[in-house]
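Structure first, then comments.
Please treat every number below as a calculation from the coordinates, not as lab data. Note that the coordinates shown come from a computational prediction; the quantities given were computed from them, not determined experimentally. Methodologically, a virtual Cβ is constructed for each residue, glycine included, from the backbone with ideal geometry; neighbour enumeration extends over all protein chains shown.
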Amino acid sequence: MSQPPARDRIHLGNWRTYPASTWAFQNVGELVPCAPISAPAGKPAPGPGSGLLDALMIETDDGGRISATAHLEASHGDAFVALRDGALVAEWHAPHCDPARAHIVFSISKSVTGLLAGIAVGDGLLDPDQPVTDHVAVEPGSAFADARVRDLLDMTVSLDFEENYLDRHSAFDRYRRAMLWNPEHDPDAAQTLPQVLAALPRADGAHGRRFRYASPVTDMLGLVVERAAGQRYHALLRDRLWRPIGATGEALVTVDRIGTARAAGGIAMTARDLARIGQLVLDGGVANGRQVVPADWISDLRTNGSRSAWADGDFVDLFAQGRYRSCWYSVGDDHGSLAAIGIHEQWLWIDPQRRVVLAKLSSRPEPSHDPATRREAAMLARIARGL
């Protein structure tokens, strides 16, 4: 593990590049404006340590064997938490990682937004079959002008957009600049995140037919949920999800220049609180004896989702038998496993058969690397079964 550069050498232009990321991913609030979800609650209570992970030997793709701890170290892990039947059974942190600091989870934020959408639906404030334009104004003929909320939830919007994380000159960079994640080229032409979303071009073909991964889709979902609920995203998350599940650590979400939350990728939290999100889903939306997310919403995301849309989509090589429903991945294995995934190797893995939840935070140098992502999915499945 390389050491991060000195603080004065970490800036908006390099904060997502390795090794600056090993510091920046736990200090995003120094680089990008953020809205608080919860304040740090002090030093975390002592945990069980990594003994189970040290002893757990798992098979690698080449037929070798490695301890779970050695795998975490080799795969640029920052923090790891394992729950079994809701109890904390194993915990590991890299030397550079502070367990009390919120770590950005990138696109796991999408899955959190999907749970907020379910809460709004349960409250009668949102209907998945509604047009997006019932809640958010967009430009005529643009991608979201004739899309439904369900298309946002299932990432089946026919949108002309390429998710190119390293490009600094395309529409993706314009999107990144609007969310204040990249340096602005021309301050006089700066846009807000809603302005960029409202004008994104439509692709050919009908909505609802193909899984097409594009983060702006879930940022639009965040705006829809916020408008439907009549409450700002970070406050809704705090009041309806964070406090009810008993989250204890620091949490925040990045915002644009007018305070628009980055619902698709801007949430930062601790590994323990990420695991609590997974436990909530494993327990059918119940936490601390309270139905936090409607049970039928959790059941639906676990069992529904179009197989044909997935098979014709972008990620079929990751989960050959998978599905995507309400911002959650159904892995398609024999355990009914679910996952939430973020770039740079952020993972939330839920194994309902073993009653195991795994949360992994990382600073892998590559934002997207298909072989490493497939390998990590296989390793997490083996860890869950081994525990």
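Here are the numbers for the structure shown:
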| read-out | value |
| --- | --- |
| q = 0.16, 0.19, 0.20, 0.23 Å⁻¹, region 304-387: log10 I(q)/I(0) [Debye, one scatterer per Cα] | -0.59, -0.84, -0.93, -1.19 |
| Rounded to whole Hz, the Karplus (6.51, -1.76, 1.60) HN-Hα couplings of region 340-355, x for glycine and proline | 10, 9, x, 4, 6, 6, 9, 9, 10, 10, 10, 10, x, 5, 8, 6 |
| Relative contact order %, the chain, counting alpha carbon pairs below 8 Å whose residues are six or more apart | 23 |
| At least 18 Å along the helix axis (C-alpha) and Kyte average at least 0.0, DSSP helices within the chain | 108-122, 215-229 |
| In nm, spacing of pseudo-spin labels at His369 and Ala70 (7 Å Cα→C-beta vector) | 1.9 |
| Cα→Cβ-extended label distance, 7 Å offset, between Asn14 and Asp62, nm | 3.1 |
| Point-to-point label distance, Ala206-Arg227, nm (Cα→Cβ direction, 7 Å offset) | 2.5 |
| Highest-fluctuation residue, Ala74, Ala311, Ala251 considered, GNM on the chain with Cα pairs under 10 Å | Ala74 |
| Whole-Å distance, taken between Cα centres, linking region 189-225 and region 1-74 | 30 |
| Cα-only Debye scattering, region 1-66: base-10 log of I(q)/I(0) at q = 0.16, 0.20, 0.22 Å⁻¹ | -0.85, -0.90, -0.92 |
| Sequence-distant residues sharing a close amide H with Arg202 (under 5 Å, placed H) | Ala143, Asp160 |
| Alpha-carbon centroids, region 350-387 and region 313-348: separation in whole Å | 10 |
| Rg in Å to one decimal, and Dmax rounded to a whole Å, for region 339-387 via C-alpha atoms | 10.8, 33 |
| Among (1) -0.37, -0.47, -1.08, -1.22; (2) -0.44, -0.56, -1.23, -1.34; (3) -0.37, -0.47, -1.25, -1.47, the entry that matches log10 I(q)/I(0) by the Debye sum over Cα atoms at q = 0.08, 0.09, 0.14, 0.15 Å⁻¹ as calculated here | (3) |
| Per residue Cα convex hull volume in Å³ - calculated over region 242-387 | 135 |
| Karplus-derived 3J(HN,Hα), 6.51/-1.76/1.60, for each residue of region 136-141, Hz, glycine and proline x | 9, 6, 9, 6, x, x |
| Packing-based order for 213-220, 53-60, 87-94, using average beta carbon neighbours within 10 Å, highest first | 213-220, 87-94, 53-60 |
| Residues whose placed amide H lies under 5 Å from that of Ala90, excluding near-sequence neighbours | Ala82 |
| Karplus-derived 3J(HN,Hα), 6.51/-1.76/1.60, for each residue of region 56-67, Hz, glycine and proline x | 7, 9, 10, 7, 9, 5, 8, x, x, 9, 8, 6 |
| Residues of region 38-81 with amide N under 20 Å of a point placed 7 Å along Cα→Cβ from Arg290 | 38-41 |
